[in-house]
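FYI, it's all coordinate maths here, none of it is from the lab. These numbers were taken from a predicted model, which means no experiment stands behind them. Neighbour counts are summed over all protein chains in view; Cβ atoms, including those assigned to glycine, are modelled from backbone coordinates with ideal geometry.
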Amino acid sequence: MKTIMLLRHAKSSWDDSSLKDFDRPLAKRGKKDTLRMGRFTKDVKSLPGSIISSPAKRAEQTVQLFAKSADIDLSMITWSENLYYGGARDYLSAVQKAPEGVDDIMLVGHNPLLEETVSLLSNEGGGYTVRIPTAALVCLEHPAIEWGQVKPGTARIKWMMIPKLLKNGTFSYSGELPVTSL
């Protein structure tokens with residue numbers, strides 16, 4: 001069984017209008033939300049063995065803060081410009097090329113590409129499956145033995161977590177994550 005986690009970059013700052021979109025950093029709220037999501041992933045023991053991230057500044061800061069709060073070694077992170085400039089098929093390609101030595105991967109990127117990727121993986125692109133707010137994490141599972149076997153419409157959404165639930169204390173972990181059928 002393979003696990004594919006998709007993390008949307010956290011809330012970015014719009015304070016400096018002279019910056020290119022690629023160079024926008026995280027806002028203060030984004031940093032806090034990212035730390036919450038990293039701790040959550042560590043607490044529920046759902047850590048990736050490999051992370052592939054967009055190199056855009058807000059995604060880079062998100063993945064680095066996430067890794068720090070989840071106690072993940074930064075050397076596990078690889079960078080792919082296709083997760084910024086590409087499309088959902090590029091995200092699928094990143095999944096299919098993931099290292100075979102791991103069963104759990106995380107892609108860190110942007111909307112609408114992440115929503116399109118969830119839709120592509122879970123229902124062959126028949127429309128958006130979920131709305132993914134900033135710093136949200138969607139977990140899909142796939143019965144593949146090798147990453148190259150992951151095809152459109154063959155994964156299922158296992159769960160999704162948003163920072164707001166962690167911030168408000170709405171979510172409490174009792175040993176097993178709820179399986180969500182969306």
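Note on Lys97: aspartates and glutamates with a C-alpha under 14 Å away, same-chain residues under 8 apart excluded, are Glu146. List the GluC sites (Glu not before Pro) within segment 1-110 that DSSP assigns to loop and that have no more than 11 neighbouring Cβ atoms inside 10 Å. Within segment 1-110, the qualifying GluC sites (Glu not before Pro) (loop, at most 11 other Cβ atoms within 10 Å) are Glu100.
The Cα trace of the chain gives Rg and Dmax of 15.2, 47 Å, the first to one decimal, the second as a whole number.
Using R0 = 22 Å, the C-beta based FRET efficiency linking Lys97 and Ser75 works out to 0.75. A cut-off under 9 angstrom between Cβ atoms defines the neighbours of Trp147, and their net charge, with Lys, Arg +1 and Asp, Glu -1, is 0. Sites listed here are chymotrypsin sites (Phe, Trp or Tyr not before Pro) in segment 11-67 whose DSSP assignment is loop and whose Cβ has at most 10 other Cβ atoms within 10 Å: Trp14.
Distance cut-off 24 Å, Cα to Cα: go down the list Lys32/Lys151; Lys2/Lys151; Lys31/Lys57; Lys11/Lys151; Lys28/Lys68 and report the pairs above it. It would help to have the intermediate numbers written out before the result.
Numbers: Lys32/Lys151 35 Å; Lys2/Lys151 12 Å; Lys31/Lys57 13 Å; Lys11/Lys151 30 Å; Lys28/Lys68 16 Å.
Going by Cα-Cα distance, Lys32/Lys151; Lys11/Lys151 fall outside the 24 Å limit.
Projected label points at Lys20 and Lys167, each 7 Å from Cα along the beta carbon direction, are separated by 3.0 nanometres. From its DSSP helices (H runs of at least four residues, each -39,500 (n - 2.57)), the chain gives a residue-normalised ellipticity at 222 nm of -9500 deg cm²/dmol.
List the GluC sites (Glu not before Pro) within segment 117-158 that DSSP assigns to loop and that have no more than 15 neighbouring Cβ atoms inside 10 Å. Intermediate values should be presented prior to the final figure.
Details: sites: Glu124, Glu141, Glu146; in loops: Glu124, Glu146.
Sites meeting the loop and neighbour criteria: Glu124, Glu146.
Distance between the C-alpha centres of segment 55-110 and segment 1-46: 12 Å, rounded to the whole angstrom. Restricting the calculation to alpha carbons of segment 1-82 gives Rg and Dmax of 12.9, 45 angstrom.
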